[in-house]
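First the structure, in the form of structure tokens, and then the observations on it.
The values are calculated or read from the model by the stated rules, or taken from the named source; none is laboratory data. Note that the structure is a prediction, hence the values are computed from the model and not measured. We place every Cβ from the backbone using ideal geometry, glycine too, and count neighbours over all the protein chains shown.
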Amino acid sequence: MSKDYLKKILDAQVYDVARETPLQRGPGLSRRLDNTVWLKREDEQSVFSFKLRGAYNKMASLSPSLLKKGVITSSAGNHAQGVALAANRLKARAVIVVPKTTPHIKVDAIRRLGGKVVLHGENYDAAYDHAMALAKARGLTFVHPYDDPDVIAGQGTIGLEILKQHQGEIYAIFVPVGGGGLISGIALAVKSFNPKTKIIGVEPEDADAMTRSLAAKRRIKLDHVGIFADGVAVRQVGKETYDLAKKYVDDMVVVSNDEICAAIKDVFEDTRAILEPAGALSVAGLKKYVQKKKIRNKSLVAIASGANVNFDRLRHVAERADLGERKEALLAVTIPEKPGSFRKFCSAIGKRGITEFNYRYSDSGNAHVFAGIQISDDKELKMLVSSLRKRGYKVVDLTDNEMAKLHIRHLVGGRAASAENEILYRFEFPERPGALTNFLKQMGAGWNISLFHYRNHGADFGRVLVGMQVPPDDKKAFNKFLDNLGYEFLEESDNPAYKLFLS
């Protein structure tokens, strides 16, 4: 199978639409990590992503009669643009089925490239099922985003380019993983010529289907995936890609969304390019792997796989980058409610920069302060917390508290003493025009809303924090309401950030 795949990669028809992208040194990353870090700049393709390689290679292999009938795919992003571009170049009709939740920027990009967009369903699975039904009904050829030998071979040309461009030994290549097509192709190409080079996959912690599958020695289907890195938000990896990854991938790294934000900032500082979250995934994994394995003085490559990012999302990225880099800590600190307390607390912090300071008078005894403080790393954070506690302060570290980072920092001081029987929930709902209004309608008027915080982050899903007054006798009815709502939710009534600042 390896020889057959290698021949497919060597014969792949990609350069009618793709270009050989640069292998660019990241000077800042290299200096900070004590390694030579190279970025494979697939974000510089005409559709700002590697996906056109596999899409075009698959479609160029089709017979004239199949091309004449047309092709179809399901995708909300980069693969859709690759198929649309390839169809335009090959003079074929392309139907792209996308979820109704797909942002307008992506739909418009597909249409500009000549693709016919069909909006269907609330998620990728619904769009995929509809695309398969249309393919059968209309005699169209389905172009799979990742689980297809020709698509895998097209992506594998990236591996050949890296070997051609880099003189000398490469210790490891870090590859973002969604369905597995990119890492399968690169691994096949690289291992065929340089078997000692490690191939390391990187996934977000809320979409780690390949990591779990390789650990379980079978394909795992996730119940739910996070969509911050929407380019890799896949519930189950492909059958073909899993088999190849099992054979050729050396290791997997799982990273947080904050670590992805930090990686976007790293690449921007080195190149002035702004990668999408999935595009910066490999850089986040490279940094984590180097730190964990204590690797020094090696040549490391990260695939910068795409740059199709919504501009609105950059606000969220900027907010979270320093947290992901562990350059900022969020602390809840209890101080005495008396003159001079603020000054004394600032003195205890020392010369560290304060990035945020939220406080509102609550009672005459103690005050709870929400503080953002500049740090250099986790070691300094532990030293700071220990130092404050030795001085008599009660400290809660909220640096990894998702609710505090998303909502509480914007709500500090909003206490409601009369909000009896209040319970707190976080919800996710599809982000599109009218979605917030629809969410409120579905909630109805059964229980009083005592707290509500929503902030648009330019993502495919809106995130809402809701406090509701639900008497104990209504709990059964309320749980039924939650089950019927159809949104992802998580109760946060016991979250320390809520208890300190809002309850």
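A compact table of results
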| item | result |
| --- | --- |
| Meets criteria (within 25 Å of Ala187 (Cα to Cα), hydrophobic (A, V, I, L, M, F, W, C), touching a Lys or Arg at 6+ places or on another chain (Cβ under 8 Å) and in a helix (DSSP H, G or I)) for Ala284 | no |
| Among the candidates Ala84, Ala60, Ala12, residue that is over 26 Å from the mean Cα position of the chain (by Cα), surrounded by 22 or more Cβ atoms within 10 Å (Cβ to Cβ) and closer than 29 Å to Ala233 by Cβ | Ala12 |
| Flag if Ala86 is closer than 18 Å to Arg19 by Cβ and touching a helix residue (DSSP H, G or I) at 6+ places or on another chain (Cβ under 6 Å) | yes |
| Test: residue in the stretch 339-356 that is of a type in the set (Asp, Glu), closer than 28 Å to Val255 by Cβ, surrounded by fewer than 16 Cβ atoms within 10 Å (Cβ to Cβ) and in contact with a strand residue (DSSP E or B) (Cβ under 9 Å, 6 or more places away or on another chain) | yes |
| Residues being in contact with a Ser or Thr (Cβ under 9 Å, 6 or more places away or on another chain) and crowded, with 22+ Cβ neighbours inside 10 Å - total across the stretch 201-226 | 5 |
| Residue match in the stretch 46-65 (condition: farther than 24 Å from Asp11 by Cβ, modelled with pLDDT under 95 and in a helix (DSSP H, G or I)) | no |
| Search result, residues across the stretch 299-314 that are outside any loop (DSSP other than H, G, I, E, B) and touching a Lys or Arg at 6+ places or on another chain (Cβ under 9 Å) | Val301, Ala302, Ile303, Ala304, Gly306 |
| Identity of the residue in the stretch 25-52, basic (Lys, Arg) and more than 22 Å from the chain's Cα centre (by Cα), that ends up nearest to Lys164 (Cα to Cα) | Arg25 |
| Residue in the stretch 475-486 that is surrounded by 15 or more Cβ atoms within 10 Å (Cβ to Cβ), in contact with an Asp or Glu (Cβ under 8 Å, 6 or more places away or on another chain) and either at pLDDT 85 or above or not small (Gly, Ala, Ser) (or both) present | no |
| Options Arg272, Arg320, Arg296; residue that is surrounded by fewer than 17 Cβ atoms within 10 Å (Cβ to Cβ) and either at positive phi or in contact with a Lys or Arg (Cβ under 9 Å, 6 or more places away or on another chain) (or both) | Arg272 |
| Number of positions in the stretch 88-125 that are out of contact with any Leu (no Cβ under 9 Å at 6 or more places or on another chain), modelled with pLDDT of 90 or more and in a helix (DSSP H, G or I) | 4 |
| Filter result (surrounded by 13 or more Cβ atoms within 10 Å (Cβ to Cβ) and modelled with pLDDT of 70 or more) within the stretch 411-439 | Leu411, Val412, Ala419, Asn421, Glu422, Ile423, Leu424, Tyr425, Arg426, Phe427, Glu428, Phe429 |
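One line per residue, one yes/no per condition, for (1) touching a strand residue (DSSP E or B) at 6+ places or on another chain (Cβ under 6 Å); (2) surrounded by 22 or more Cβ atoms within 10 Å (Cβ to Cβ):
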{"residue": "Leu140", "(1), (2)": "yes, no"}
{"residue": "Val151", "(1), (2)": "no, yes"}
{"residue": "Lys164", "(1), (2)": "no, no"}
{"residue": "Ile170", "(1), (2)": "yes, no"}
{"residue": "Lys198", "(1), (2)": "yes, no"}
